[in-house]
Amino acid sequence: SAHGGMGGKGGKDGAALTALLSDLVSKGTITQSQADAIAKARTDAKALAQANRPTEAEKQAHRTAAKAVVTSTLGITEEALKTRMRAGDSLATIAGSNKDALIAALVAYENKEITDAQTAGKITADRATKMKANVTARVTEQVNNPRPPRGPHGPKGQPAPAGTSLRS
């Protein structure tokens with residue numbers, strides 16, 4: 001077909017690309033073969049991105065490992081960590097004088113995760129370098145800024161802002 005590579009979940013972007021390619025073919029700017037090659041390249045790129053997206057199990061494993069870094073660095077139980085975080089304490093407050101050690105441990109953990117992803121071929125060396133450039137600032141911000149305590153609907157039990165609740 002004219003746009004065989006554009007099937008599936010193309011959405012608005014896919015429809016827009018299909019229309020653009022069709023227009024370029026009808027004007028003689030590109031050939032149908034070139035349009036098909038562009039459509040296939042887009043489909044292939046989307047498939048690769050989807051294949052490299054972490055699964056829910058991988059995300060949970062990452063959260064569990066990061067929690068283990070925090071609890072082992074601070075010498076506290078996961079339950080104590082959860083209780084303090086739910087109360088609105090930042091990791092910096094919980095860590096006290098161990099804040100710098102916690103930041104260093106989390107930065108080392110995140111950098112290892114990035115290196116492992118690069119080694120596994122999930123990200124390029126360039127992407128790994130860019131990601132590592134932001135790790136220290138991101139981790140420091142996460143350690144210093146508490147998450148708002150959450151109730152059944154949002155911070156401190158208040159209903160979530162309009163349009164943000166999964167239940168609305």
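Brief remarks on what is shown
- Label point 7 Å beyond Cα of SER90 along Cβ direction - residues of the stretch 123-142 with amide nitrogen under 15 Å: 137-142
- Cα centre as origin, Lys/Arg/Asp/Glu Cβ charges: the stretch 52-145 dipole, Debye: 180
- Residues of the stretch 59-89 with amide N under 12 Å of a point placed 7 Å along Cα→Cβ from THR115: none
Quick note: the coordinates plus some simple rules give every number you see, no bench work behind them. Please read these numbers as outputs of a predicted model, since none were measured by experiment. In this analysis, Cβ positions are derived from the backbone assuming ideal geometry, glycine residues included, and neighbour counts consider all displayed protein chains.
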